[in-house]
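Take a look at the structure below.
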Amino acid sequence: MMTGYAVAYSFAAFFGTLEAEFGARRGETSLVFSISAFLYFLLGFPAGLIADRIGPRPVVIGGLLLIAAGLVAASQAQSLWQIYAGYGLGVGVGIGLSYVPSVAAVQRWFVRLRGAASGVAIAGIGVGTLIGAPLAHLLIATLGWRQSYLALAAFAVVGAVMAGALIRPAPERYGLTPDGDPPPPSGALAVPAGLALGEAVRSGPFWAIYIGALLLSFGLFVPFVHLAPYAVDVGLGEAFGVLLIVLLGVGSTVGRFLFASLTGRLGRRLSFAAMYLGAAVMLALWTQSTSAPALAMFALLFGAFYGGFVAIAPSLAADYFGGRALGSIIGALYSGVAFGALLGAPAAGFAYDFFGSYGGAILAGAALCLISFVLTLAMPEPARWLAERERAR
């Protein structure tokens, strides 16, 4: 996860360079990131299905190698549409294949400490965000953007080798059980408990999570694309813009652990609702932030709420639906995020191109987060919902 998201969120460092190289407007340049984000969330569903059948390791390795291939292709681009094809498709499909299988694998190995384990694993996204943009900024300054893409491709290949060495399928394949509990007395291999994909998709909690994540995603990725150019617009400079992306990564990493702790007090559902509310407030405050301290605080806090989303979402899905088809269920849930990721950042970019301001687009994202907050509050607690479901059988 660190490898894929270091590449994905390094895009902020390339934004101005690509804009100048190809004479593109902000909306057009934003599409590079949005195409990749659309694909990596949309493809989580088939990736989860495949990983449920053959195990996560080959799927993750293949995804990371595709990231490398896409970066090599992007390094040779002579027009922006070729960046769309190389970076957008290669990185998007590659992360799409690697993310959901990695997340689902962790959920299957833990129950009692699922939130903490998920937070540790998904902290790789925060670390990737933390290192990706400054590394790319340094590489671009010393090598140029084309050679920088080749260097990141080599980084992705190293990540593929490490993933092959570390990722494991469900514990039941080894005759083990989650949390290291003793195996069943009969000695028979346990079958992961939970709902089939079709059962989950027909349930109310599935659609509440799906719609909530979809609405959140319209505003969620806007800072990762536009915060660095925004810093330049308000006179703080390109280097400070890259620093803000680093602070998003710091906040994201810390937020995973903070929300993992919060779930122990509030439960995952209410913690998820708090994440939506916090994201809405921070987006609204961004529109009023023009000073370095205010933008730094925004980046840290918004990053923390983003980290809460990626840490809690898969664990919340596991609470409701169990581990039986978790990879495909998480993938199906994330497919909604794909559409918000595709539209949100370009919409903000085109709003800037036409109106000279991001304000309206950012506030619209905040309003959608508030709707997600209300939807999540209306969901039943997982234990109560499962008990009622059993009684209804």
> Say we join alpha carbon atoms closer than 10 Å with springs in a Gaussian network model of the chain; which of 213, 196, 304 then has the biggest fluctuation?
Replying inline: 196
> ³J(HN,Hα) across the range 333-338 via Karplus (A = 6.51, B = -1.76, C = 1.60, θ = phi - 60°), whole Hz, x for Gly/Pro?
Replying inline: 5, 6, 4, x, 4, 4
> What's the angle, to the nearest 10 degrees (0 to 90), between helix 145-166's Cα axis and the longest principal axis of the chain?
Replying inline: 10 degrees
> Helix 26-42: angle to the longest alpha-carbon principal axis of the chain, degrees 0 to 90, nearest 10?
Replying inline: 10 degrees
> Using Cα pairs under 8 angstrom and six or more residues apart, how large is the relative contact order of the range 2-392, in percent?
Replying inline: 28 percent
> Relative to the first principal axis of the alpha-carbon coordinates of the chain, what is the inclination of helix 204-220, with its axis defined by its Cα atoms, in degrees from 0 to 90 and to the nearest 10?
Replying inline: 20 degrees
> Fully extended, how many nm does the chain gain between residue 76 and residue 154 (0.36 nm per residue separation, minus their Cα-Cα distance)?
Replying inline: 26.5 nm
>> So if each residue of separation counts as 0.36 nm, and I subtract the Cα-Cα distance between residue 234 and residue 355, what length gain in nm does that give?
In response: 42.0 nm
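No value in this document is a laboratory result; all are computed from the given coordinates. In this text the structure is predicted, and so the values were computed from the model without any measurement.
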